[in-house]
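**Q** Sending over a structure as structure tokens; questions will come in a sec.
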Amino acid sequence: MIATALDVFWRKGLHDATMQDLAEATGVQRGSLYNAYGDKEAMFLRAFDRYTGQFLEAAGNALAQGDTAAGLRHFFDMIIVNMTDGSPPRGCLTTRTALDAAISSADVRQRVQDVLTRLEQLIGKALGTAPGKRSAADANRLARVIVTYTRGLAVMERAGYSRKQLRDLAATFIDAVVANA
């Protein structure tokens with residue numbers, strides 16, 4: 001049921017998804033959803049936590065493949081496929097949530113900040129263990145730039161850029177990162 005709710009939130013966003021949408025998608029009556037989860041935000045947080053765990057595991061696995069350049073290529077490809085899947089493409093759940101007008105909740109904001117921070121840490125660790133002259137502090141600063149760049153790719157996807165165009169943008173970025181290592 002949480003996976004189905006996650007799909008609804010991913011397609012519609014936290015603000016635009018309704019309890020009726022969630023009830024129809026899950027096949028569970030609204031009253032039962034309220035009893036099980038409390039409210040729409042609580043259900044979203046549970047779904048977002050599930051997404052976060054899966055996303056960070058996939059990101060870590062991608063970054064661990066090969067040298068720094070290969071790991072970054074796998075990472076960006078995973079990010080791009082993740083946001084361009086579906087018909088129409090579903091976009092990036094984290095970025096969509098960050099930009100959602102309904103983010104007046106401190107809990108939702110904190111969850112978004114947490115996933116981005118944990119992503120930075122994964123990338124920083126991958127960059128910091130690579131052979132070369134990059135210090136741990138430089139790796140962490142670069143990790144923040146990479147996470148910021150992924151948010152830009154999410155915006156470009158929403159603006160209509162194709163998977164191929166996004167991959168070309170990522171390849172150019174990776175070339176610049178690796179050239180300056």
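The values are calculated or read from the model by the stated rules, or taken from the named source; none is laboratory data. Here the structure is a predicted model, which means the values were calculated and not measured. Every residue, glycine as well, gets a Cβ built from its backbone with ideal geometry; the counts of neighbours run over all protein chains shown. Heavy atoms of the whole protein, side chains included, go into the accessibility calculation; ligands, DNA and RNA do not. Shrake-Rupley method; radii C 1.70, N 1.55, O 1.52, S 1.80 Å.
**Q** Counting Lys +1, Arg +1, Asp -1, Glu -1, what net charge surrounds ARG167 among other residues with beta carbon under 12 Å of its beta carbon? Spell out each step's value before the answer.
**A** Working: positive: ARG73, ARG163, LYS164; negative: ASP77, GLU157, ASP168.
Net local charge, ARG167 excluded: 0.
**Q** What FRET efficiency would be calculated for the residue pair MET19, GLU57, taking the C-beta separation as r and a Förster radius of 25 Å, to the nearest 0.05? Present the calculation step by step, with values, prior to reporting the outcome.
**A** Details: r = 30 Å, r/R0 = 1.18.
The calculated FRET efficiency here is 0.25.
**Q** Now for a different question. What spacing in nm lies between the two simple spin-label points modelled at ALA159 and GLN110, each 7 Å away from Cα in the Cβ direction?
**A** 3.4 nm
**Q** Give the carbon-plus-sulfur fraction of the accessible surface of segment 1-73 in %, rounded to a whole number; probe 1.4 Å, heavy atoms of protein chains only. Numbers along the way, then the final one.
**A** Details: 1580 of 3560 Å².
Accessible surface attributable to carbon and sulfur in segment 1-73 totals 45 percent.
**Q** Can I ask one more? With 5 Å bins from zero, work out the P(r) of segment 40-181 over every alpha carbon pair and list the percent per bin.
**A** For segment 40-181, the binned pair fractions read 2, 9, 19, 23, 20, 14, 8, 4, 1, 0 percent.
**Q** Also, quick follow-up: Say we join alpha carbon atoms closer than 10 Å with springs in a Gaussian network model of the chain; which of SER105, SER135, SER87 then has the biggest fluctuation?
**A** Of the options given, SER87 has the highest mean-square fluctuation.
**Q** Let me ask you something else. Which value in deg cm²/dmol, rounded to the nearest 500, describes the helix-derived mean residue ellipticity at 222 nm for the chain, given -39,500 (n - 2.57) per DSSP H run of n ≥ 4 and division by the residue count?
**A** Rounded to the nearest 500, the figure is -26000 deg cm²/dmol.
**Q** Further question: So with the 1.4 Å probe, I'd like the accessible area per residue for segment 32-114, rounded to whole Å².
**A** Accessible surface, normalised per residue, equals 47 Å².
**Q** May I pose another question? Extending each Cα 7 Å along its Cβ direction at THR148 and GLN29, get the distance between those two points in nm, one decimal.
**A** The modelled label-to-label distance comes out at 5.2 nm.
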